[in-house]
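Engineer: Sending over a structure as structure tokens; questions will come in a sec.
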Amino acid sequence: MRHLKTNRRRGMTTMEFALILPFLLAMVMVTIEAGTMFYSWLTLQKAAQSGTRFAATGQGEEQGDRLNRIMEAAGVWLDHLDSGGTEITVRSWPDTSASGDGTADDAGPPCGLVEVAVTYHYHPFTPIIGAMLPQSIPLTGSDRKLNEPWRPCD
């Protein structure tokens, strides 16, 4: 009789484990996917901050390659991400009000406001979670800074 109860308990434990295992695996996959997506977003934020910090210095203004240098400064942080899915945009405003859309592909004058935005199309990689999410999730990081007065402000 005692042997029969032990077998039932083992069978019940196996059944409970079989019912809980898919839930546990899904939770692990969700955690991994969320962590990877958060890492990607933090990388975009850091890339935008780095590009904006460089833009505020005015370096490359005299040589005419300021925009390319800003994109390179931001791009250094994007090496870990799929480079085909990233886009760096720079825009500026002549004053600190940032009214309107700003001027695209321009880092702005001294004492003007500059913004660097980095967009990345994140592709989920875990099989089950990837089936539940869209194939591409756009993530954006951006930063704005006031340009330094590398020459007298207007």
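Where a number appears in this text, it was derived from the coordinates with a stated rule and is not lab data. Model, not experiment: these values are computed from the prediction. Using ideal geometry, Cβ is built from the backbone for each residue, glycine included, and neighbour counts are taken over all protein chains shown.
Engineer: In terms of modelled amide H atoms, which long-range or inter-chain residues lie less than 5 Å from the amide H of CYS111?
Structural biologist: For CYS111, the qualifying residues are ASN147, GLU148, TRP150.
Engineer: Oh, and also: Between ASP79 and TYR39, what is 0.36 nm times their sequence separation minus the Cα-Cα distance? Round to one decimal in nm.
Structural biologist: Computed gain between ASP79 and TYR39 is 13.1 nm.
Engineer: Let's test this: bin the Cα-Cα distances of region 2-146 at 5 Å from zero up to the farthest pair and state each bin's percent.
Structural biologist: Percent of Cα pairs in each bin: 2, 10, 15, 14, 12, 9, 8, 6, 5, 4, 3, 3, 3, 2, 2, 1, 1, 0.
Engineer: Something else about it: Suppose each label sits 7 Å from its Cα in the direction of the beta carbon; what would the PHE17-MET132 distance come out to in nanometres?
Structural biologist: Spacing of the two 7 Å Cα→Cβ label points: 2.4 nm.
Engineer: Report the full-extension gain for the segment SER97 to PHE125: residue separation times 0.36 nm, less the Cα-Cα distance, to one decimal in nm.
Structural biologist: Contour length minus the Cα-Cα distance gives 6.0 nm.
Engineer: Along Cα→Cβ, 7 Å out, is where each label goes; now give me the distance between the ones at ARG9 and GLU61 in nm to one decimal.
Structural biologist: 8.0 nm
Engineer: In addition: Based on the Cβ-Cβ distance from TRP150 to ASP105, what FRET efficiency comes out when R0 is 22 Å, to the nearest 0.05?
Structural biologist: Using R0 = 22 Å, I get an efficiency of 0.65.
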